Amino acid sequence: MPNAVEAKSKKIFITGIGTDVGKTIASAIVVEALHADYFKPIQAGDLEFSDTDKVKNLVSNTKSKFHDNSYALKTPMSPHAAAAIDGVAIELDTIKLPKSKNHLVIEGAGGLLVPINDEHTILDIMQPDYKVIVISRHYLGSINHTLMTIRILNERGYNVSVIFNGAEHKSTEDIIEKMTGVEVVGRIDNEPYFDKRVIQEYAELFREKLMTL
């Protein structure tokens, strides 16, 4: 069982190469592996069963805490557009990390350069001390999107690793690993379903690498 206080608490930001690539499932696995807290700064749409609710329902341990969104927007769109529909403006300085001495998993919305207002993107939410895990799912163009995402993060000086999501595509995974040199935490298969048991299995599989990030 991981001991979150035996070393300095980690802040791990989960981003993706686009939308619907599996960030929330990956977040649940990382939360369970580290018994970490979870925080999604901006939720756009699905407020009745938000990403926070989904992660909470998939996590088995009793240590993790699930923190409220800084912004909960009604429309499933880019945050800047969803905020405009709701008649609010997303301000960068109002997005504050929850106070916690535990490890913290922070899930982004979409990819790095998704706008949150007229000036800032998801990338601007991220702090220099974050560890970043990029979720990459194979599709035509995913190599380009993955390499661009990793390059942007490398240029900002982040500690970057990758989780592949979906059926194995060896040539894609091999070239991404070869060209970037990033740590590959593992791959999440196309499971028929995800429940607490499946999340626990992946948590155990990924835990050792996650602890060394």
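Residues whose amide H comes within less than 5 Å of that of D37, counting only those at least five positions distant or on another chain, are K65, H103, L104, V105 (H built at 1.01 Å from N in the peptide plane).
What separates the Cα centres of region 177-201 and region 80-134 is a distance of 24 Å. Between the residues T212, N57, V198, the greatest Cα displacement towards the positive end of the dipole of the chain, with unit charges on the Cβ of Lys, Arg, Asp and Glu, is found for T212.
The simple spin-label model puts a point 7 Å past each Cα toward its Cβ; for K63 and I152 those points are separated by 3.3 nm. Computed 3J(HN,Hα) for region 9-19, one whole-Hz value per residue from the Karplus formula 6.51 cos²θ - 1.76 cosθ + 1.60 where θ = phi - 60°, is 5, 9, 10, 10, 9, 9, 10, x, 8, x, 8, glycine and proline marked x. Rounded, prolate or oblate: which fits region 127-196 when a ≥ b ≥ c are the square roots of the eigenvalues of the alpha-carbon gyration tensor, with rounded for a/c under 1.5 and prolate only if a/b beats b/c? It comes out oblate by the Cα gyration axes. For the chain, the alpha carbon positions stretch 44, 39, 35 Å along the principal axes, listed from largest to smallest. Taking the 1.4 Å solvent-accessible surface of the chain as the whole, the part contributed by carbon and sulfur is 50%.
Taking a ≥ b ≥ c as the square roots of the eigenvalues of the alpha-carbon gyration tensor, region 11-63 is classed oblate because a/c is 1.5 or more while a/b is no larger than b/c. For region 127-204, the solvent-accessible area with a 1.4 angstrom probe is 55 square angstrom per residue. Taken along the Cα-to-beta-carbon direction at a fixed 7 Å, the label points for I85 and D129 span 3.7 nm. Counting only DSSP beta bridges whose two residues both lie in the chain, roughly 5 percent are antiparallel.
Taking a ≥ b ≥ c as the square roots of the eigenvalues of the alpha carbon gyration tensor, region 70-152 is oblate, as a/c is not under 1.5 and a/b does not beat b/c. Could you go through region 180-194 in sequence order and give the Karplus-derived ³J(HN,Hα) for each residue, using 6.51 cos²θ - 1.76 cosθ + 1.60 with θ = phi - 60°, rounded to whole Hz, and x for Gly and Pro? Karplus-based 3J(HN,Hα) across region 180-194 equals 10, x, 6, 5, 9, 5, x, 9, 9, 6, 6, 6, x, 6, 10 Hz.
The residues of region 1-125 expose on average 46 square angstrom of accessible surface per residue, using a 1.4 Å probe on protein heavy atoms.
The values are calculated or read from the model by the stated rules, or taken from the named source; none is laboratory data. These numbers were taken from a predicted model, which means no experiment stands behind them. Positions of Cβ are backbone-derived with ideal geometry, glycine not excepted, and every protein chain shown enters the neighbour counts. Accessible surface areas use protein heavy atoms only, side chains included; no ligands, DNA or RNA. Shrake-Rupley method; radii C 1.70, N 1.55, O 1.52, S 1.80 Å.
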